[in-house]
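Colleague: The structure's right below; bear with me while I get my questions together.
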Protein chains: 2
Amino acid sequence: RYFHFCKLPGRVMGIRLLRFTSVVIIVLLLVAGALTALLPNIKDDKMPNSRREPKTQSQSALDSFTLIMQTYNRTDLLLKLLNHYQAIPHLHKVIVVWNNIGEKVPEEMWNSLGPHPVPVVFKVQTVNRMRNRLQNFPELETKAVLMMDDDTLVSAHDLAFAFSVWQQFPEHIVGFVPRKHISTPSGVYSYGSFELQNPGFGNGDQYSMVLIGAAFFHSGYLEDFQRQPEAVYALIDETQNCDDIAMNFLVAKHTGKPSGVFVKPVDIRNLEKDTNSGYSGMWHRAEHLLQRSYCVNKLVNIYDGMPLKYSNIMISQFGFPNYANHKNKM
Amino acid sequence: RYFHFCKLPGRVMGIRLLRFTSVVIIVLLLVAGALTALLPNIKDDKMPNSRREPKTQSQSALDSFTLIMQTYNRTDLLLKLLNHYQAIPHLHKVIVVWNNIGEKVPEEMWNSLGPHPVPVVFKVQTVNRMRNRLQNFPELETKAVLMMDDDTLVSAHDLAFAFSVWQQFPEHIVGFVPRKHISTPSGVYSYGSFELQNPGFGNGDQYSMVLIGAAFFHSGYLEDFQRQPEAVYALIDETQNCDDIAMNFLVAKHTGKPSGVFVKPVDIRNLEKDTNSGYSGMWHRAEHLLQRSYCVNKLVNIYDGMPLKYSNIMISQFGFPNYANHKNKM
């Protein structure tokens, strides 16, 4: 009876506790539900592959791109280009990869000449490496990357159009500089541009790479690049070259399709000659092109096969700059 | 013991029978497995929507197309064009839609001038209707249709390239003649070409239709066309016009994307003036363009909305005819 008596208040308290606990649990579930509904969508399929409509203007991370520009020994060109690129439509942020080891970034000067349309981040590097620009920068918030060499000027019109094309082909490298490889009967590959014989698929020429020094591509590929065989990094470091060829291999392997989509630029300029530094860029080295053929063959070894595929699609903007640029003889 | 005796041979025979049956079953499974491996792939998703690589040359129904050409009162042009088109690469068959009611098809003459590279089928019609060419012809074996007006000459180079482009965009109308609609503040639409003001998406022009009188599209859309609202057929019959606008509405509704992909032709010719018949085509009628604006608005009513979407993608062939046609100022 003592036992029973002791149980009674316990049971009553138990019921109240139970009721209270239930209410708390229900409230917590409701709050959790509300929070889940408010959370931003998790990034879905990272590499969508169908042609989509370009989105309307918005500076959100989904509808804008991040410019990544690596620079070495041409700060005058860099600053000139930044003045141009900082105002490109749909630009979200600029990341400057500072390969001038030991030299201070021009951040003070940059800030003193503000305000600026978008944030610019200077990423100080410890070693002057070509592949520094292919890091998966934490500051990168957009799905799209625009990568530009620090001596290349592309018009805003070209960039706006190419970005809209990238949005329709987000798993490809969409850019302005096409190149190709050629197989030879010996099985050794050669790298080149349009002067090389065409690969033999009917008339016209083909390209199998789009260089990343003037191109849009999905930021997910920077993530993928961190997971490549060590031999790829060694190759790029050894040659201080070929990071773009490696990226084309990566993309082609990933998609099973041609890595790039070539957009014919209306106005693209090389500002090399305009620099005061006297520095004229890696591609002037005597061995530059031979190195790139060398890289193609090494990458085929590393990846155990040739993943690059040919395309002959050349995209231009309908009705621009000449509103009748599509006219035919009919 | 009799029982046991009888069981013994039964059991022995049973074991032999079991072994024999097992062997037969295993052999049958192996044969079935081999057959399955050899079977051609079932036609997968009829409307694939990702950019694919063009297949290598083959005259199979998967890698070739059927030319559908409707003809009225211009048999001289028809025969001239047939001599050209019959030898286009990847052509599987020609279907001539004979709108010359009561007139004999030139089949005897055709046969007497054989042999021909591909079969040509003359489909005699009972009524002279513009939409006769949009039937789901039983003779159609290929996934791809090339539809040409009977006064339009497109070069073999252009067709070979456009076919390869269609193979990468099989759910779109891939062709040589872009047109657009314009919205006006009143909500009434207008139809036109590049002279109309652009729809206002940045610089350059836009197109929202690709005419089917010189285009590739998926044969599945002919099937779909048979299932449209009666009002669509009535509209086309009333105007003897606008079947191509209706097809663009159909395709845009189906894909939710721009219906067409415009390939800029290198060599496209209108042979109207060359006919002896004196017949010069429907588009010379005074009301032709006004009719087409009328059709756009009627179709918006019928489909309860405007499904057409704009595109400014213009595709050309890389390195053809000029192997340096992609060169830029760099």
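The values are calculated or read from the model by the stated rules, or taken from the named source; none is laboratory data. All figures in this text were calculated on a predicted structure; none of them were measured in a lab. Because the Cβ atoms are built from the backbone with ideal geometry, glycine has one as well, and the counts that use them run over all protein chains shown. These accessible areas exclude ligands, DNA and RNA; they are computed on the full protein's heavy atoms, side chains included. Shrake-Rupley method; radii C 1.70, N 1.55, O 1.52, S 1.80 Å.
Colleague: Between residues in the stretch A:193-210 that are under 20 Å from residue A:263 (Cα atoms) and more than 10 Å from chain B (Cβ to nearest Cβ) and residues that are outside any loop (DSSP other than H, G, I, E, B) and open to solvent by 50 Å² or more (accessible area, probe 1.4 Å), which pairs lie under 8 Å by C-beta distance while being six or more apart or on different chains?
Modeller: Close Cβ pairs (under 8 Å, with a partner that is outside any loop (DSSP other than H, G, I, E, B) and open to solvent by 50 Å² or more (accessible area, probe 1.4 Å)) amount to A:208/A:179; A:209/A:179; A:210/A:179.
Colleague: Are any of the residues in the stretch A:256-265 modelled with pLDDT of 95 or more and exposed (fewer than 15 other Cβ atoms within 10 Å of the Cβ)? Steps first, answer last, please.
Modeller: First, the residues of the stretch A:256-265 that are modelled with pLDDT of 95 or more: A:256-265.
Okay, now just the ones that are also exposed (fewer than 15 other Cβ atoms within 10 Å of the Cβ), so A:256.
Yes, the stretch A:256-265 has at least one match.
Colleague: Considering the stretch B:265-295 alone, what residues qualify as being closer than 30 Å to residue B:320 by Cα and either assigned to a helix (DSSP H, G or I) or touching a Lys or Arg at 6+ places or on another chain (Cβ under 9 Å) (or both)? Walk me through how you get there before you give the answer.
Modeller: Residues of the stretch B:265-295 that are closer than 30 Å to residue B:320 by Cα, as a first pass: B:265-274.
The answer is B:265, B:267, B:268, B:269, B:270, B:271, B:272, B:273, B:274.
Colleague: For the stretch A:276-290, which positions are open to solvent by less than 40 Å² (accessible area, probe 1.4 Å) and either modelled with pLDDT of 95 or more or in contact with an Asp or Glu (Cβ under 6 Å, 6 or more places away or on another chain) (or both)?
Modeller: In the first step, residues of the stretch A:276-290 are kept if they are open to solvent by less than 40 Å² (accessible area, probe 1.4 Å); the result is A:281, A:288.
Across the stretch A:276-290, the qualifying residue is only A:281.
Colleague: Any residue that is assigned to a strand (DSSP E or B) and either of a type outside the set (D, E, K, R) or closer than 30 Å to residue A:271 by Cα (or both) - is there at least one of those in the stretch A:229-237? Before the answer, list the steps.
Modeller: Going through the stretch A:229-237, the residues assigned to a strand (DSSP E or B) turn out to be none.
Scanning the stretch A:229-237, I find no residue that is assigned to a strand (DSSP E or B) and either of a type outside the set (D, E, K, R) or closer than 30 Å to residue A:271 by Cα (or both), so the answer is no.
Colleague: Are any of the residues in the stretch A:146-154 away from chain B (no Cβ under 14 Å), in contact with a helix residue (DSSP H, G or I) (Cβ under 8 Å, 6 or more places away or on another chain) and closer than 23 Å to residue A:317 by Cα?
Modeller: Start the filter on the stretch A:146-154 by keeping residues that are away from chain B (no Cβ under 14 Å), which leaves A:146-147, A:150.
Then drop every residue that is not in contact with a helix residue (DSSP H, G or I) (Cβ under 8 Å, 6 or more places away or on another chain), which leaves A:146-147, A:150.
Of the ones still in play, those that are also closer than 23 Å to residue A:317 by Cα are A:146-147.
For the stretch A:146-154, residues away from chain B (no Cβ under 14 Å), in contact with a helix residue (DSSP H, G or I) (Cβ under 8 Å, 6 or more places away or on another chain) and closer than 23 Å to residue A:317 by Cα: present.
Colleague: Could I ask something else about it? The conditions are (1) within 11 Å of chain B (Cβ to nearest Cβ); (2) at pLDDT 90 or above; (3) over 22 Å from residue A:256 (Cα atoms), and residue A:169 fails exactly one of them. Which is it?
Modeller: Among (1) within 11 Å of chain B (Cβ to nearest Cβ); (2) at pLDDT 90 or above; (3) over 22 Å from residue A:256 (Cα atoms), the lone unmet condition for residue A:169 is (3).
Colleague: Within the stretch A:96-105, can one find any residue that is of a type outside the set (Asp, Glu), under 30 Å from residue B:311 (Cα atoms) and not in a helix (DSSP H, G or I)?
Modeller: At the first step, the residues of the stretch A:96-105 found to be of a type outside the set (Asp, Glu) are A:96-102, A:104-105.
Subsequent filtering for residues that are under 30 Å from residue B:311 (Cα atoms) retains none.
No, the stretch A:96-105 contains no residue that is of a type outside the set (Asp, Glu), under 30 Å from residue B:311 (Cα atoms) and not in a helix (DSSP H, G or I).
Colleague: Just give me the residues in the stretch B:303-325 being under 24 Å from the mean Cα position of the chain (by Cα), more than 7 Å from every other protein chain (Cβ to nearest Cβ) and surrounded by fewer than 22 Cβ atoms within 10 Å (Cβ to Cβ), in sequence order.
Modeller: Scanning the stretch B:303-325 gives B:303, B:306, B:307, B:310.
Rundown of residues vs (1) more than 30 Å from residue A:168 (Cα to Cα); (2) at pLDDT below 95, yes/no style:
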| position | (1), (2) |
| --- | --- |
| B:18 | yes, yes |
| B:44 | no, yes |
| B:105 | yes, no |
| B:122 | yes, no |
| B:125 | yes, no |
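Colleague: Test residue B:125 against the stated conditions and say whether it is open to solvent by less than 40 Å² (accessible area, probe 1.4 Å) and under 22 Å from residue B:228 (Cα atoms).
Modeller: On the way: open to solvent by less than 40 Å² (accessible area, probe 1.4 Å): yes; under 22 Å from residue B:228 (Cα atoms): yes.
Yes: the conditions hold for residue B:125.
Colleague: Take residue B:117 and tell me if it is of a type outside the set (A, V, I, L, M), closer than 30 Å to residue B:316 by Cα, within 14 Å of chain A (Cβ to nearest Cβ) and not in a helix (DSSP H, G or I).
Modeller: Numbers: of a type outside the set (A, V, I, L, M): yes; closer than 30 Å to residue B:316 by Cα: yes; within 14 Å of chain A (Cβ to nearest Cβ): no; not in a helix (DSSP H, G or I): yes.
Judged against the criteria, residue B:117 is not a match.
Colleague: Please specify each residue of the stretch B:165-217 satisfying the condition of being of a type in the set (Asp, Glu) and either assigned to a strand (DSSP E or B) or open to solvent by less than 20 Å² (accessible area, probe 1.4 Å) (or both).
Modeller: Pass one, the stretch B:165-217, residues of a type in the set (Asp, Glu): B:171, B:195, B:205.
Residues satisfying the conditions are B:171, B:205.
Colleague: Give A:162, A:144, A:156 a once-over and let me know the one that is within 30 Å of residue B:204 (Cα to Cα), out of contact with any Asp or Glu (no Cβ under 6 Å at 6 or more places or on another chain) and open to solvent by 10 Å² or more (accessible area, probe 1.4 Å). Spell out the reasoning first.
Modeller: Numbers: A:162 fails: open to solvent by 10 Å² or more (accessible area, probe 1.4 Å); A:144 fails: open to solvent by 10 Å² or more (accessible area, probe 1.4 Å).
That would be A:156, the only listed residue that is within 30 Å of residue B:204 (Cα to Cα), out of contact with any Asp or Glu (no Cβ under 6 Å at 6 or more places or on another chain) and open to solvent by 10 Å² or more (accessible area, probe 1.4 Å).
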